[in-house]
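Participant: Shown below is the structure under consideration.
The values are calculated or read from the model by the stated rules, or taken from the named source; none is laboratory data. Keep in mind that this is a model prediction, so the values were computed, not measured. Quick reminder, even Gly has a Cβ in these numbers, built from the backbone with ideal geometry, and neighbours come from all protein chains shown.
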Amino acid sequence: MKLDKKLILNIENIEYKSEKTIANSSIEDIKKNLDILPFVLKWFQSIDIEKLSINDNIVKIVLNKDILSVENKFFLLDSKIDVLSKEVFLDINNLYLKDYNILFKGKAKIDYFNEELKYFGDIYYQDLIVSGNIDITKDRVNFFIKSEFFKNLHFLKKYLHLPEVANSWMYDNVTGDFKLNWFYGEFDLNKNEIIEKSLQGDAIIENAKIRFENSLEEINTSKVNVNFKNSTLHFDLVDAIYKEKELKNSFVTIKDIANENSGLVLVNIEAKTSLDKDILGILEAYGIVVPVLQKNGETQAKLLLSFPYAEDKPMSYNGVFIAEKSNISISGFDFETNGAKVILENDLLYINDASFIYQDMVDAKANLKLDLNSLKIEGTSQINKILVKDSKNSKILNITNVNSDIFMDFSKNVNIELKDLKTTIKYDKFLTINVNDISKIYNYSDILKQNSINSGNISLKIVNKDNIDFNGFFSGFILPIKKDNKEINSLDFYGNINKESVQISSSDNSIKLNFKDNIDLFLDGYDIYYDENISKNSKLEFDTNIDLKNSKLFFDNQEYKIKSANFNIKKDVITFNASLFDLDLPIKKDNQDLKELDILGKYKNDILDINSKKDDIFLRVRDNQTTIKLDGYDIFYDTKYNDIHEKIGNLGIIGTKSNIVINNKNKILADFYELNINKDRKFFYLEFEDSKISFTNQNNNIDIYAAKINEKFINTFANSNILDGGKIDFFANGTTKSIKGKLIVEDSSLKNVTILNNIMFLVESSPAFINPLLAIPAVFGLNKLGIYKIKEGVVEFEYDNDKNLIDIKNLHTVGNGMDFEGKGVLDLNKKEVDATLNLVFLKTYSSVFEYIPIVNYILLGDEKRVETQIQLTGSLSDPVLTTNLFKDGFSAPLNIFKRVFTTPSNMIDNFNKFNQKD
């Protein structure tokens, strides 16, 4: 059919039922309408269909000159139209796709020759306004768009079917003001779906907020640069701030965004900030527990987290952390670091060149490997310093420049093992250092070396640098103390080091040591061995206070039992007091042993002073001089200790009301005495009542003086009643090899002297028939056996020290009726005597017959006496007496008879001699 003019079609209402497949979408419907548009434009000049019902699709069409308006249930078109031979140009005022809720305003070109539609204009969707180009062919729609700012990408949910993880990042995790810089994509018209691989573009999100994980706070950024290409969505964070921390160069990348099997989310976090709870919280949100907390300072951190869509694929994480000088806490254990490089490779954390500084105690470097699953570390360490000091800054432990393998366990608390040092370091609220083998740190501890402590263990609980508890066991040392007669070479102990003091105690509290402003030492039940050489060489740095209880002090081979004592030792003075018991001293009071004594003392300027609390005993030691003062105490001296002064140096003793007992037998009574002994001089002076005694030995010259020695002194010393009344004087001098002396006795009676008794007995028992004159002395009192009265007596002697002999040069006594004259030798080595004595009788009669010369001469002769001789030989204790008594007894009467006849002649001779003198 051929028409010269085009048709004009006006329809008010037509209903049409079609069994053919009709369009299901606006795009499909537009495509079909575009297919018939050339035919309509060819045959119709104008069309006005108010209502065309095709099944349930009501269509309204208006075509009038250059106006084309179409509306059905899928779309609404309001456009100007310009038709050329093979092309149709549309100036679209509105193209609204009802099923997509999309509005187009722009220009379109339909090329029927190439079966292609191109659109240039704006697209409106909800609050989204984009401008772009759309190219529609028979099978495909290509689009390139850009937009103004919009709120979110939720509009894509309907058209993009993505896995849950991708949906979260597309629609929920990122919010802000979106703007597409450009976006390109393709739509498969045959499959009626977007070709995902074709999608690509750039966008920005201003004032963006990003949430890495639902449990974390949002990250604020000035903007996010978004790129999509090859199924990879990339968010590049610009000026990102997380809890006031700047995250530089951080990004999120989603690879294979639509693939549930190979989809992967990459989160890259870069920051220069403290590795504090906020940053660690990001890691913990993904199940990464790093037991490290940075309290100050900064760390250059770079962390890449990889999360697969598929739940059966493991998450991975890698990072590098470069820490600067800061304070670090590992599971609550605080320390300082000068820097470290930390590399994170999934479950392994490599810590390289890490500096560890704990207060002023630990300084070390380490290379470590941390298993984040087990929270265990192994590696090597270079210990620059482990230093433990007391309150006076004395170094208790000082480990320097030591390398050791190291093992750490942070699963429950901090547990560090230094294998080469047999040392563990634990932290559970407090830092604990356990040294399991003291020998490993022996060379690093002055206090261990000074005390020869080379075995044992010690545990230090460091609450802080000013509060350290410790306990342990030491052995292998030597102390000058014993307990229960056993050497103390091991010790269980505990103690504390704080800001003010150091306290150490044995486990049974029998030893307590406290270092504060001074040193306090307490010992209970110990034997203490004092070494004077050690004391002299010791340097006292602190005042020291020593308390002793139930202890023994061994000094100079003497044992002193101490009930309690206190020693206060300062740099220039030592003061002390003590209660001593069970004493074994050579002194007594009131004949009672001195078993207990309370003393006070002081040592200053090399002078030791000791006083009894009652002030009745005083001891001073100065240089090499020992001075003792006693009041009311008796000294018991054993002569086997004659060399005592050689042991103690110069000795001085002053006694008041103090006696001296020699060999526990012979007592020297004294109201006062003074003794001085040194290597050059020995001096002794004594007073008792009126008696005075002095002895001097100087430069080997000896001088002895004793005056008015009374019977009480002699009898007490002799331990026998041998003297009654009178006085004795004694003088001697000489050298240590030879001494000459004289003994003078006046108005005394000798009693109970064995030798004298034997002589007296011999005389008294002589028979009167031998010599009647020998019986005369009985008339004058000589018959009192054992008592010999001496009016005066002299003994002159010489002592030879080399031979230990006493040579009696002259012995002369004048007694009541009998005198002694003689000489002899006493051998003190052999304890023997060899003496000759002349016993002179009738001396008493001469005074009676003095005025009867004839009788005096007849009875007594020219010598005016009768005498006999006695030899003493043998043992001093029981000498043998040999006498001429019988011979002299027979000759005496004959001599008297002879003098009867010679008396007249003698008288005449005497008278002539008298006249010649005149």
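Participant: Taking the options LYS5, LYS31, LYS42, LYS17, name whichever one is surrounded by 14 or more Cβ atoms within 10 Å (Cβ to Cβ) and modelled with pLDDT under 80.
Facilitator: Criteria check complete, one pass: LYS31.
Participant: A follow-up question, please. Determine if the stretch 787-799 includes at least one residue that is modelled with pLDDT of 70 or more, in contact with a Leu (Cβ under 9 Å, 6 or more places away or on another chain) and part of a loop (DSSP other than H, G, I, E, B).
Facilitator: No: zero hits.
Participant: So, one more: List pairs: first in the stretch 436-461 and closer than 17 Å to ILE425 by Cα, second crowded, with 17+ Cβ neighbours inside 10 Å and of a type in the set (Asp, Glu), Cβ under 6 Å, 6+ apart or cross-chain?
Facilitator: LYS461/ASP469
Participant: Going through the stretch 717-746 one residue at a time, which ones are part of a helix (DSSP H, G or I) and farther than 22 Å from LYS791 by Cα?
Facilitator: Once the filter is applied, which keeps residues that are part of a helix (DSSP H, G or I) and farther than 22 Å from LYS791 by Cα, the stretch 717-746 yields only PHE717.
Participant: Given the conditions (1) of a type in the set (Ser, Thr, Tyr); (2) closer than 26 Å to PHE522 by Cβ; (3) surrounded by 18 or more Cβ atoms within 10 Å (Cβ to Cβ); (4) modelled with pLDDT of 85 or more, report the number of the one that THR626 does not fulfil.
Facilitator: That leaves (2) as the condition not met.
Participant: So how many residues does the stretch 671-686 have that are among the hydrophobic types (A, V, I, L, M, F, W, C) and either outside any strand (DSSP E or B) or within 14 Å of ASP703 (Cα to Cα) (or both)?
Facilitator: Qualifying residue count, the stretch 671-686: 2.
Participant: Please tell me if SER411 is in contact with a strand residue (DSSP E or B) (Cβ under 8 Å, 6 or more places away or on another chain) and either over 17 Å from PHE356 (Cβ atoms) or not in a strand (DSSP E or B) (or both).
Facilitator: It is true that SER411 is in contact with a strand residue (DSSP E or B) (Cβ under 8 Å, 6 or more places away or on another chain) and either over 17 Å from PHE356 (Cβ atoms) or not in a strand (DSSP E or B) (or both).
Participant: Shifting gears a bit: Kindly indicate whether any position in the stretch 683-691 is surrounded by fewer than 17 Cβ atoms within 10 Å (Cβ to Cβ) and among the aromatic types (Phe, Trp, Tyr).
Facilitator: Yes, the conditions are met somewhere in the stretch 683-691.
Participant: Select from the stretch 130-149 the residues that are more than 10 Å from PHE187 (Cβ to Cβ) and either in the same structural domain as ASP29 (by TED's automatic domain parsing) or part of a strand (DSSP E or B) (or both) and list them in ascending order.
Facilitator: VAL130, SER131, GLY132, ASN133, ASP135, PHE144, ILE145, LYS146, SER147
Participant: Tell me the residue from SER274, SER306 that is of a type in the set (Gly, Ala, Ser) and in contact with a Phe, Trp or Tyr (Cβ under 8 Å, 6 or more places away or on another chain), please.
Facilitator: Unique residue meeting the criteria: SER306.
Participant: Something else about it: Just the residues that are on the phi > 0 side of the Ramachandran plot and modelled with pLDDT under 85, please, taken from the stretch 550-593.
Facilitator: ASP556, ASN557
Participant: If we keep just the residues of the stretch 653-670 that are in a strand (DSSP E or B), crowded, with 17+ Cβ neighbours inside 10 Å and not aliphatic (A, V, I, L, M), which is nearest to the chain's Cα centre (by Cα)?
Facilitator: Once the filter is applied, the top-ranked residue is GLY655.
Participant: Let me ask you something else. Determine if the stretch 472-483 includes at least one residue that is within 13 Å of the chain's Cα centre (by Cα) and surrounded by fewer than 17 Cβ atoms within 10 Å (Cβ to Cβ).
Facilitator: Yes: the stretch 472-483 contains one or more residues that are within 13 Å of the chain's Cα centre (by Cα) and surrounded by fewer than 17 Cβ atoms within 10 Å (Cβ to Cβ).
Participant: Let me confirm something: among TYR633, TYR673, which residue is over 26 Å from ASP606 (Cβ atoms), buried (at least 18 other Cβ atoms within 10 Å of the Cβ) and in contact (Cβ under 8 Å) with a residue 40 or more places away in the chain?
Facilitator: Going through TYR633, TYR673 in turn, just one is over 26 Å from ASP606 (Cβ atoms), buried (at least 18 other Cβ atoms within 10 Å of the Cβ) and in contact (Cβ under 8 Å) with a residue 40 or more places away in the chain: TYR633.
Participant: Which of (1) buried (at least 19 other Cβ atoms within 10 Å of the Cβ); (2) under 24 Å from LEU513 (Cβ atoms) is the odd one out, the single condition GLU417 does not satisfy?
Facilitator: The single condition GLU417 does not satisfy is (2).
Participant: Go through (1) in the same structural domain as GLU164 (by TED's automatic domain parsing); (2) part of a loop (DSSP other than H, G, I, E, B); (3) free of Cβ contacts under 8 Å to residues at least 40 places away in the same chain one by one and return the number of the condition ASN373 breaks.
Facilitator: (1)
Participant: Also: Could you grab me the full set of residues in the stretch 608-627 that are under 19 Å from ASN577 (Cβ atoms) and assigned to a strand (DSSP E or B)?
Facilitator: LEU608, ASP609, ILE610, ASN611, SER612, ILE617, PHE618, LEU619, ARG620, VAL621
Participant: In addition: Restricting attention to the stretch 692-724, report how many residues are closer than 30 Å to GLN625 by Cα and surrounded by fewer than 18 Cβ atoms within 10 Å (Cβ to Cβ).
Facilitator: Count: 13.
Participant: Follow-up. Suppose the filter is more than 22 Å from ILE14 (Cα to Cα) and assigned to a strand (DSSP E or B); does ASP48 pass it?
Facilitator: The answer is no for ASP48.
Participant: May I ask you to list the residues in the stretch 130-144 that are modelled with pLDDT under 90, over 17 Å from ILE194 (Cβ atoms) and surrounded by 16 or more Cβ atoms within 10 Å (Cβ to Cβ)?
Facilitator: none
Participant: Please go through the stretch 376-403 and give me each residue that is farther than 24 Å from PHE321 by Cα and in a strand (DSSP E or B), ordered by number.
Facilitator: Result: LYS385, ILE386, LEU387, VAL388, LYS389, LYS395, ILE396, LEU397, ASN398, ILE399, VAL402, ASN403.
Participant: Hey, can you tell me all the residues within the stretch 403-417 that are touching a residue at least 24 places away in the same chain (Cβ under 8 Å) and either on the phi > 0 side of the Ramachandran plot or touching a helix residue (DSSP H, G or I) at 6+ places or on another chain (Cβ under 9 Å) (or both)?
Facilitator: Within the stretch 403-417, SER404, ASP405, ILE406, PHE407 meet the criteria.
Participant: Within the stretch 477-484, is there a residue that is in contact (Cβ under 8 Å) with a residue 12 or more places away in the chain, under 24 Å from GLU417 (Cβ atoms) and not in a loop (DSSP other than H, G, I, E, B)?
Facilitator: No, there is no match, as no residue in the stretch 477-484 is in contact (Cβ under 8 Å) with a residue 12 or more places away in the chain, under 24 Å from GLU417 (Cβ atoms) and not in a loop (DSSP other than H, G, I, E, B).
Participant: Would it be correct to say that LEU431 is at pLDDT below 80, assigned to a strand (DSSP E or B) and not small (Gly, Ala, Ser)?
Facilitator: yes
Participant: Sticking with this one: Among the candidates ASP802, ASP807, ASP819, single out the residue that is under 30 Å from SER738 (Cβ atoms), outside any strand (DSSP E or B) and either among the charged types (D, E, K, R) or at pLDDT 90 or above (or both).
Facilitator: From the options ASP802, ASP807, ASP819, the qualifying one is ASP802.
Participant: Within the stretch 338-367, can you find the residues that are of a type in the set (Ser, Thr, Tyr) and in contact (Cβ under 8 Å) with a residue 40 or more places away in the chain?
Facilitator: Within the stretch 338-367, TYR358 is the sole residue that qualifies.
Listed here are the residues, each with its yes/no results for (1) in a helix (DSSP H, G or I); (2) at pLDDT 90 or above; (3) under 60 Å from the mean Cα position of the chain (by Cα).
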site: LEU160; (1), (2), (3): no, no, no
site: VAL165; (1), (2), (3): yes, no, yes
site: LYS191; (1), (2), (3): no, no, no
site: GLU196; (1), (2), (3): no, no, no
site: ILE205; (1), (2), (3): no, yes, no
site: ASN227; (1), (2), (3): no, yes, no
